[in-house]
Amino acid sequence: MSTTKSALQIDEEFLDDLASRFIINVPVEERANLIRICFQVELAHWFYLDFYCGGEDIRGVSCSLKQFAVQIFQHVPFLRMRLPHLDEILDQWKKYKSSVPTYGAILVSEDLNHVLLVQSYLSKSSWGFPKGKVNENEEAIHCAIREVFEETGFDCSHLIQPGDYFESTFNDQFTRLYVVCNVPKDTKFIPRTRNEIKCCEWFPIDLLPVSKTDTVAKSNVGYTANSFFMILPFMKRLKKFVNTRREESAGKKNGKNQAVSSGKVDHKKRQRHKSMGEIDNLWASAEGGASGSKMTIATKGPISLLANNTPSTKGGFQVTPNWEQKKREKATKTNPKRQLFGSDVFATSTPESSPAVPHKSSTCKKETKGRHSEQKMTTCNHRPQFNVTPCSEWENFRFDIARICDPKIIF
């Protein structure tokens with residue numbers, strides 16, 4: 001049944017302006033495409049509702065798309081002949097419109113706990129994600145960014161990821177929604193189109209329903225599950241996606257905390273200096289070959305050498321007594337970082353670099369200071385000079401381990 005009359009009568013001045021803006025300027029070769037004409041009529045209807053309806057000084061009256069189309073087809077000359085078939089034309093246009101893909105975005109807050117939903121003026125009792133139909137030759141991601149900006153006023157171009165999206169076919173219409181995370185929750189959403197989006201509101205993701213049979217949605221968010229029928233095809237996947245992101249974020253945070261608590265640092269390991277006991281083991285073979293030497297070296301524990309004033313001992317060295325070894329071990333434990341070797345030639349000498357020249361002559365000069373006697377040994381030109389200090393200053397003593405272990409040297 002065709003529609004030829006309408007009880008609604010729009011002001012002629014308004015119809016002239018709307019027809020010149022959206023209908024008459026359509027190229028002649030495209031006027032025969034009634035689907036294209038219907039899209040232009042829809043744009044004119046939105047403009048009429050935005051600028052000619054509402055307010056005290058506005059003479060326009062709100063109407064449905066079908067009522068508005070009747071007025072336009074009656075007013076435009078080349079469409080007047082199509083008015084008897086207007087119902088069929090609108091039905092074909094709606095079928096084609098449902099086949100046009102829609103693209104949008106799911107805006108998730110920074111804490112991954114809330115999602116943004118929009119409510120339109122036409123569907124006042126339902127909530128959905130911001131989305132819209134793609135224009136001709138428009139890329140999917142660009143369409144999603146444009147629709148989100150038009151319906152919420154938020155530019156998500158710097159946050160959207162091309163690979164993060166969900167797809168679904170609902171009522172024979174293909175829809176792709178990009179998941180956009182890290183949206184600040186204090187963002188002020190201001191729709192750019194008038195009389196299309198009524199409000200934008202954050203909803204807790206965990207409390208939204210996943211099916212029409214969910215009976216707790218009313219108590220959780222204040223709306224029944226039917227109010228969210230447009231988001232139901234995506235909710236299960238969205239919750240799984242968000243839970244995965246939460247686990248990844250928690251894992252990174254826990255790993256960082258464990259590294260800090262365990263004291264793990266990304267520096268090079270500090271080189272450990274050898275102890276006196278390890279030096280004894282290194283020169284154990286040298287001790288076995290020193291059969292002609294008149295001194296013996298302890299194989300366990302630190303080596304301590306004391307000045308001996310007994311004339312019968314050549315070189316003035318003897319093995320430290322047991323009580324002196326215990327004293328040295330105790331001092332090592334209390335101060336493990338004490339420097340064992342000096343910076344002179346004795347600290348850096350090796351068996352290969354230290355000359356093994358027998359001692360030929362020496363002169364001694366004794367000086368008495370206080371309770372202890374200090375002995376200075378002056379060697380010949382073939383041996384380096386070294387000092388033997390009393391027990392009270394024994395920690396600063398330096399010696400040449402290679403010269404001590406050499407069997408050719410007779411002390």
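Decide, for the range 149-201, between rounded, prolate and oblate: order the square roots of the alpha carbon gyration tensor eigenvalues as a ≥ b ≥ c, take rounded if a/c falls under 1.5, and otherwise choose prolate if a/b is larger than b/c, else oblate. It is oblate, given that a/c is not under 1.5 and a/b is not larger than b/c. Listed here are the pairs K185/K253; K95/K218; K97/K198; K97/K188; K133/K218; K66/K236; which of them are more than 27 Å apart at the Cα? Going by Cα-Cα distance, K95/K218; K97/K188; K133/K218; K66/K236 fall outside the 27 Å limit. In this view, the solvent-accessible surface of V118, computed with a 1.4 Å probe and all protein chains in place, comes to about 10 Å². Overall form of the range 147-265: prolate. Here a/c, set by the Cα gyration tensor axes a ≥ b ≥ c, is 1.5 or more, and a/b is the larger of a/b and b/c. Loop-only chymotrypsin sites (Phe, Trp or Tyr not before Pro) in the range 62-135, please: DSSP not H, G, I, E or B, and at most 16 other Cβ atoms within 10 Å. Those satisfying the criteria are Y121.
The Cα center of the range 137-175 and the Cα center of the range 26-48 differ in position by 25 Å.
Charges on Cβ only, +1 for Lys and Arg, -1 for Asp and Glu, centred on the Cα centroid of the range 80-182; of L116, L83, C181, which one is farthest towards the dipole's positive end? Farthest towards the positive pole: L83. Across I401, I24, I231, the residue with the most accessible area heads the list, and the full order at a 1.4 Å probe is I24, I401, I231.
Under conditions of 25 °C and 0.890 mPa s, the range 119-161 yields 216 µm² s⁻¹ as its translational diffusion coefficient, taking Rh as the Kirkwood radius over Cα pairs in the Stokes-Einstein equation.
Quick one: P(r) of the range 87-127 from all Cα-Cα pairs, 10 Å bins, percents rounded to integers, in order of increasing distance. P(r) for the range 87-127, in whole percents per bin: 21, 29, 33, 12, 4.
Quick note on the range 40-162: its Rg to Rh ratio, both from C-alpha atoms and Rh being the Kirkwood radius, is 1.05.
The values are calculated or read from the model by the stated rules, or taken from the named source; none is laboratory data. This one's a predicted model, so the numbers in the text were calculated from it and none came from an experiment. Backbone-built Cβ (ideal geometry, glycine too); neighbour counts: all protein chains shown. Quick note on the areas: whole protein, heavy atoms, side chains included, nothing else; ligands and nucleic acids left out. Shrake-Rupley method; radii C 1.70, N 1.55, O 1.52, S 1.80 Å.
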